[in-house]
Structures are given as C-alpha cells and as structure tokens.
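Enquirer: Attaching a single structure in structure tokens format; questions to follow.
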C-alpha cells in the first residue's frame, strides 16, 4: 500500500514538474506589442510584479519537485518532504492567485478605477498568459493532491 | 506535551479569528470618494473581485477557526482538523495574494498597461485596505504556524 502511494505520488510529481515548466515557458515568452495612436504599446510579463512572482513561484516549486522525487527514494527524508510539500502548495496557490487577479483586470479592466482592459490590443500576450495560468492552476491542484497523499500516508 | 500543544494551538486560533475579523471589518468599511474634474470618483472594496474574494476567504477561514476551537476538545476529529487546517491555510494564502496584487497596482499603478494609481485620490480607502491586508497577512502566517503545530503533533 505504501509502495503504491509512493508510485502514485511520484507520477503526480512528474505531472507537477511538467505543469510548472509549461507555465514558466508560456509566461516568459508571452511578449507582444501593438500600435495605438502612433505609439508602440508593449506587453511583457516582467512589467507586472504579480507575473514575476508567478514565474519565481513556479520555478521554486518545480525545482523542489525534481529534488523531492530523488529524495523520495530515501525514507529518511519523509518528514521534511511533507513539510516542504506544504510550503510548495502554499507557494503555488499564492502565485496563481496573484497572477489571476491581475489577469482578470487585464481582460475585463476595472471601470471604477479607470483601468482599461489590454487584451484587445495584445491578444497574443493574453493567449499565452492564459495558457501559463491554466498550467499554473493545474500545478497548484496537483500539489494539493500530493499533499493529501502525503498526509494520508502519515495519518 | 500534547496538552501544551493544544493550548498553544488554540491561542493561535483565537489570534487568527481576531485577525480575520479585523481584516473583514476594515475591508468592508473602506469606501471613500473624491471629486476629479467635476466627476465623483468612488472607491469601494466590492468593485474589485480580488477584494471580494479576500473578504469571502477571510470569512470562511475565520468561521472555520471558531468551529475548530470547539471541535479541538473532541479528540475524535483531529484528522479532519489537520485536513481543514491545510485548506484554511491555502485559502488565506490565496486570498491575501490576490488582494495584495491588486493593491500594488492601486498604490503604484502600472505604467505599461496605462493603469494610474488611485491612492492619491482616495487615501482613506487605501489606508483602510492597508490595515485589512496587514491583518489578512497576519492571519495567513498564524495559520501556517497552526498547520505546523498540527503536523508536528501528527509526525
């Protein structure tokens, strides 16, 4: 039973690594530009602190996941893995939430604050950010399930 | 040792309830308005989906915390409490991150997206939102420690 749990957990970890890699690649390569009234309007993930936090969060969680797969073969480290799984879950939930909040304003704008939506001008940017956010969301959900597996094994 | 852990955990839970109540009260009562070029500019938490999510997240976490204090006296429920503590931690981290991302744009604006900062016009709104976010951040940190205590007791 413990062996099946470990195999299932490692399959989920591989999926989480894939999801974080997709999220990082699509977010980092999401630049686009448009001409608005003779002015060039450029959209880049690095202009938005929340998107930078998203990339850093996904990178840390993805990197840790690779290490956790290697560590999972040494039963000595299971306590530290449960703790770090918890940190990774919180980090992923936090980074996807911050990025989603900004993406929502980018898509719909905020009438009361006078912030106009930007997706009409830079659709290529928004499409790639959408894929990155979907992958980031998948990574967060997968990590939640990984943490559940770890807790189930412990409890 | 287990008794000390439970007392410490319940003190932290009371602090978490206090922090979520402060966060909700300050966020909900944060409206302000200003005259800009003969137009009335109104700022309200409910105009921003991220701030609404923040209030809902704090309310759910705060409500659960009250119930968890009562349940903690029945040792029968400790497994479900560890699981729900995990959910509450993720929910609090998620809601504070989304709200912080929007607050950062409200304070500094986003030059590249053409979103102007609003705190100059509605300082009273921003001050109250700042207090709400500090309380929400405190609630998330307290919950992280509560979850650590729960895991420590389990492991």
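Any read-out appearing in this document is the output of simple, stated calculations on the displayed coordinates, not a laboratory observation. Note that the structure is predicted; figures quoted are calculated from it, not measured. Positions of Cβ are backbone-derived with ideal geometry, glycine not excepted, and every protein chain shown enters the neighbour counts.
Enquirer: Is one or more of the residues making up the range A:49-60 part of a helix (DSSP H, G or I) and in contact with a strand residue (DSSP E or B) (Cβ under 7 Å, 6 or more places away or on another chain)? Please lay out each step first, then the result.
Expert: Residues of the range A:49-60 part of a helix (DSSP H, G or I): A:49-60.
Adding the requirement that they be in contact with a strand residue (DSSP E or B) (Cβ under 7 Å, 6 or more places away or on another chain) leaves none.
No, the range A:49-60 contains no residue that is part of a helix (DSSP H, G or I) and in contact with a strand residue (DSSP E or B) (Cβ under 7 Å, 6 or more places away or on another chain).
Enquirer: Considering each of B:133, B:76, B:71, B:91 in turn, give the residue that is over 18 Å from residue A:48 (Cβ atoms) and in contact (Cβ under 8 Å) with a residue 60 or more places away in the chain.
Expert: Sole residue among the options that is over 18 Å from residue A:48 (Cβ atoms) and in contact (Cβ under 8 Å) with a residue 60 or more places away in the chain: B:133.
Enquirer: Which one is nearest to the other protein chains (Cβ to nearest Cβ) among residues in the range B:112-133 that are assigned to a helix (DSSP H, G or I) and out of contact with any helix residue (DSSP H, G or I) (no Cβ under 8 Å at 6 or more places or on another chain)?
Expert: Taking the range B:112-133 first, the residues assigned to a helix (DSSP H, G or I) are B:112-113, B:123-133.
Now drop any that are not out of contact with any helix residue (DSSP H, G or I) (no Cβ under 8 Å at 6 or more places or on another chain), which leaves B:123-125, B:127.
Working: B:123: 15, B:124: 16, B:125: 11, B:127: 17 Å.
Residue satisfying both the conditions and the ranking: B:125.
Enquirer: Could you tell me how many of the residues in the range A:4-41 are touching a residue at least 24 places away in the same chain (Cβ under 8 Å) and in contact with a strand residue (DSSP E or B) (Cβ under 8 Å, 6 or more places away or on another chain)?
Expert: Summing the residues that are touching a residue at least 24 places away in the same chain (Cβ under 8 Å) and in contact with a strand residue (DSSP E or B) (Cβ under 8 Å, 6 or more places away or on another chain) in the range A:4-41 gives 6.
Enquirer: Among B:142, B:102, which is closer than 25 Å to residue A:99 by Cα and either free of Cβ contacts under 8 Å to residues at least 24 places away in the same chain or at the interface with chain A (Cβ under 7 Å from one of its Cβ atoms) (or both)?
Expert: Numbers: B:142 fails: either free of Cβ contacts under 8 Å to residues at least 24 places away in the same chain or at the interface with chain A (Cβ under 7 Å from one of its Cβ atoms) (or both).
Just one listed residue meets the conditions, B:102.
Enquirer: Another question, then. Tell me which residues, restricted to the range B:1-52, are buried (at least 20 other Cβ atoms within 10 Å of the Cβ) and within 23 Å of residue A:108 (Cβ to Cβ).
Expert: The answer is B:27, B:30, B:43, B:45, B:48, B:50, B:51.
Enquirer: Another one. With the requirement that a residue be surrounded by 24 or more Cβ atoms within 10 Å (Cβ to Cβ) and more than 18 Å from residue A:7 (Cα to Cα), what does the range A:60-87 give you?
Expert: Scanning the range A:60-87 gives a single hit, A:61.
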